[in-house]
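The values are calculated or read from the model by the stated rules, or taken from the named source; none is laboratory data. Because the structure is a prediction, the values reported are computed rather than measured. Cβ sites come from the backbone with ideal geometry, for glycine too, and all protein chains shown count toward neighbours. Side chains are part of the model used for accessible areas, which takes the heavy atoms of the whole protein and leaves out ligands, DNA and RNA. Shrake-Rupley method; radii C 1.70, N 1.55, O 1.52, S 1.80 Å.
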Amino acid sequence: MEIFKGIPVSSGVVIARVFVLDDVHVRIPKRQVPAGAEQAEQVRLETALKASLEDLDAMRRHAEEELGAEAAKIFAFHQGMLADPSLVKLIAERITKERVTAEWAVQEQFRLLAKRFEAMADPAFRTKVDDLWDLERRVLRHLIGEHRSALSRLDQPAVIVASDLTPSQAATFPRSHVLGFCTDLGGPTSHTAIFARALDIPAVVGCETLTQAAEDGDPIIIDGDRGVAILHPDEKTLEEYSGYIKEAQAFALSLAELKDLGAVTTDGVEIELLGNIEFASEVRSVLEDGGAGVGLFRTEFLWLTSDHEPTEQEQFEEYRLCAELAGGKTMVLRTFDLGADKATQERAGTPERNPFLGLRSIRYCLQNLPLFKRQLRAMLRATASGPMKIMFPLVSNVMELRQAKMILRDVMEDLEDEGIAFDRETKIGMMVETPSAAIMVHSFCREVDFFSIGTNDLIQYTLAVDRTNERVSKLYSGADPAVLRLMKEVARTAKRFNIPVSCCGELAGDTQYTMLLLGLGLRTLSVTPSRIPYVKRVIRSVDIGKCERLARTACSFDSDRQVIAYLRDQARKVIPEESGGRSAG
Ligand code: PEP
Ligand code: MG
């Protein structure tokens, strides 16, 4: 039994088998082909080799023209390797002798070769190992495509183990087969982690060396409450965890009865408890879990699951579906929050050096106006099907907000000219997720109809801690007094101007923070759908006076440790069943 400690990012426990999704080498499980099918595998191999050689030829010619003969040699070396009969012959022999798939034979032969190169005394060979992996990936891409295809080979329910996962990969998981995941890298509120919560599967990130130890098919326990992965668990551990799973299921079942009850405090204050979604179809989960609507639709996920920019019509249909499913309940559409860890870097020719501080979110949209306008048109058109609000993400100064609003007005005028129906009174809001927006909130109060505090980003920008980096994850804390002070300021000022303010960061779904948020004056919380019953349970157990006293005490501490210890202690008294702890920062 081997225990790996990581960062818990999505609660729950699962006992299952490992499926390794190796980022660099696209680990492929060994698969036998039926007798007689070897020839077809040989043809697949030949086709993939031919296509790879053609790629390389084009790249070599291009490099020669653009960069000169020296640079082109790299591709000539790759071509030479692929044309080398000793490598190709060995792959082909493996297919016939072992009756395996072409991709497995390619992988194994390249691995052997890489090992031999690595063991050479001459460093010239060792530096060629990366070229070998590059070449292997090229051939594999022609055989099985990118990761999605690798995942499509997952034909049994399993836990994904990977060095890292992008939100796009997580968003394209075959849902019925992915029971949980565990990565070597990653931080508590990376979008991959958020996606795990949306899928309601246990996940642990930052396990550092797990991929080196795990093999396909290994038994594993993922404990998303404590942040542990246990490889090859022994009998006693398995028994303990089976008991724990039963208890958690019983508690979840007991919360189901809250579904049709309001999110009302014991002194009768109504809290608007909403859900965060990534796809229109999730509106159903929000309502089934007892939510009063959607407080955040992360529309950029339409991109993440597509190989092209979603067209205006595709978007319109998705937003209209939201309106229909919501049936008149709250529905907040957020404009594309692309960039940073979402999509653009993976597809960019030259990735940014510092993407979280770069061209992301509203900045990206303002520099890509046709794309932004297409989205705004689709959103506005959908407002004719039901009430919807539009929200801009990551606004960091007033000019940016005014520019976004001006473009929205332009789009409204276009629609009017074209005689297309939409709701002219659509409410416009913004996220408060940068310290600059929080500090200047009074200026924004004159410009918007509502605010939503995005603590995932607010924490990272206030504390200068990358939300996706496991190395600094201990510094990422929503309980930091600086974060509390900003949230308090936003809530207080917005109240003075009579502007509603909600919280839609992961912290809002963490029951340790519920009383604090209510005590700071928030009356709307938007959380991952599966968290709705837990947060509702806390809301229905407390009164506002108690929450205000708690918030005052929490804001009097000067270290996050004191704050979190206090919040945990108070939450435990209200919802002891959640003492496993969740980590939203
Ligand atoms: C946030 O930053 O808190 C937020 C809700 O937005 P996202 O997690 O999509 O960046
Ligand atoms: Mg954000």
Notebook entry, point to check: Scanning for something surrounded by fewer than 20 Cβ atoms within 10 Å (Cβ to Cβ), in contact (Cβ under 8 Å) with a residue 24 or more places away in the chain and of a type in the set (Lys, Arg), does region 452-467 turn up at least one residue?
Noted result: no
Notebook entry, point to check: For the subset of region 373-400 comprising residues that are touching a strand residue (DSSP E or B) at 6+ places or on another chain (Cβ under 6 Å) and open to solvent by less than 30 Å² (accessible area, probe 1.4 Å), which member is nearest to ligand 1 (Cβ to nearest atom)?
Noted result: 393
Note to self: If residue 241 meets every condition in (1) farther than 28 Å from residue 500 by Cβ; (2) exposed (fewer than 15 other Cβ atoms within 10 Å of the Cβ) apart from one, which number is that one?
What the structure shows: (2)
Notebook entry, point to check: Restricting attention to region 471-506, and to residues there that are touching a Pro at 6+ places or on another chain (Cβ under 9 Å) and touching a residue at least 24 places away in the same chain (Cβ under 8 Å), which single residue is surrounded by the most Cβ atoms within 10 Å (Cβ to Cβ)?
Noted result: 506
Item checked: Selected residue (criterion: farthest from ligand 2 (Cβ to nearest atom)) from residues of region 151-165 that are surrounded by 21 or more Cβ atoms within 10 Å (Cβ to Cβ) and either small (Gly, Ala, Ser) or under 18 Å from residue 473 (Cα atoms) (or both) -> 158
Check: Can you name the residue in region 244-276 that is open to solvent by less than 70 Å² (accessible area, probe 1.4 Å) and assigned to a strand (DSSP E or B) and is also nearest to residue 501 (Cα to Cα) among such residues?
Finding: 272
Next item on the list: Among the residues of region 384-397, write down those that are more than 16 Å from ligand 2 (Cβ to nearest atom) and farther than 25 Å from residue 423 by Cβ.
Entry: 397
Check: In region 418-436, is there at least one residue being of a type in the set (A, V, I, L, M), closer than 18 Å to residue 467 by Cβ and within 16 Å of ligand 1 (Cβ to nearest atom)?
Finding: yes
Margin query: Condition check: open to solvent by 60 Å² or more (accessible area, probe 1.4 Å) and either under 18 Å from residue 133 (Cα atoms) or small (Gly, Ala, Ser) (or both). Does residue 74 satisfy that?
Written below: yes
Next item on the list: Would you be able to say whether some residue in region 334-356 is of a type in the set (Ser, Thr, Tyr), in contact (Cβ under 8 Å) with a residue 24 or more places away in the chain and open to solvent by less than 10 Å² (accessible area, probe 1.4 Å)?
Entry: yes
Check: Could you say whether any residue in region 77-87 is more than 35 Å from the chain's Cα centre (by Cα) and either within 30 Å of residue 189 (Cα to Cα) or not in a helix (DSSP H, G or I) (or both)?
Finding: yes
Check: For region 406-460, what are the residues that are more than 16 Å from ligand 2 (Cβ to nearest atom), not hydrophobic (A, V, I, L, M, F, W, C) and not in a loop (DSSP other than H, G, I, E, B)?
Finding: 409, 410, 413, 414, 416, 417, 418, 427, 442, 443
Notebook entry, point to check: Quick one: in region 507-522, which of the residues that are under 19 Å from residue 293 (Cβ atoms) and not polar (S, T, N, Q) is surrounded by the most Cβ atoms within 10 Å (Cβ to Cβ)?
Noted result: 508
Note to self: Give all pairs with beta carbons closer than 8 Å in which a residue from region 106-135 that is open to solvent by 30 Å² or more (accessible area, probe 1.4 Å) meets a residue that is among the aliphatic types (A, V, I, L, M); count only pairs at least 6 apart in sequence or on separate chains.
What the structure shows: 118/129; 126/120; 131/74; 131/81; 133/24; 133/114
Next item on the list: Select the helices (runs of 4 or more DSSP H) contained entirely in region 299-404, then report the ones holding at least 3 residues which are over 30 Å from residue 443 (Cα atoms) and acidic (Asp, Glu).
Entry: 312-326
Check: Would region 174-192 turn up any residue that is out of contact with any helix residue (DSSP H, G or I) (no Cβ under 7 Å at 6 or more places or on another chain) and basic (Lys, Arg)?
Finding: no
Notebook entry, point to check: In region 445-457, how many are closer than 16 Å to residue 522 by Cα and near ligand 1 (Cβ under 7 Å from one of its atoms)?
Noted result: 2
Next item on the list: For region 332-370, name all the residues that are basic (Lys, Arg), away from ligand 1 (no atom under 13 Å from the Cβ) and at pLDDT 75 or above.
Entry: 353, 363
Margin query: Show the residue pairs meeting these rules: Cβ distance below 6 Å; 6+ apart or different chains; first residue within region 181-208 and under 14 Å from residue 228 (Cβ atoms); second residue of a type in the set (Ser, Thr, Tyr) and part of a strand (DSSP E or B).
Written below: 202/10; 203/10; 205/183
Next item on the list: Give just the number: which of (1) away from ligand 2 (no atom under 14 Å from the Cβ); (2) in contact with a Pro (Cβ under 7 Å, 6 or more places away or on another chain); (3) modelled with pLDDT under 90; (4) open to solvent by 20 Å² or more (accessible area, probe 1.4 Å) does residue 304 not satisfy?
Entry: (4)
Next item on the list: Filter region 295-326 for residues that are in contact with a strand residue (DSSP E or B) (Cβ under 9 Å, 6 or more places away or on another chain), away from ligand 1 (no atom under 16 Å from the Cβ) and small (Gly, Ala, Ser) and give the result.
Entry: 323, 326
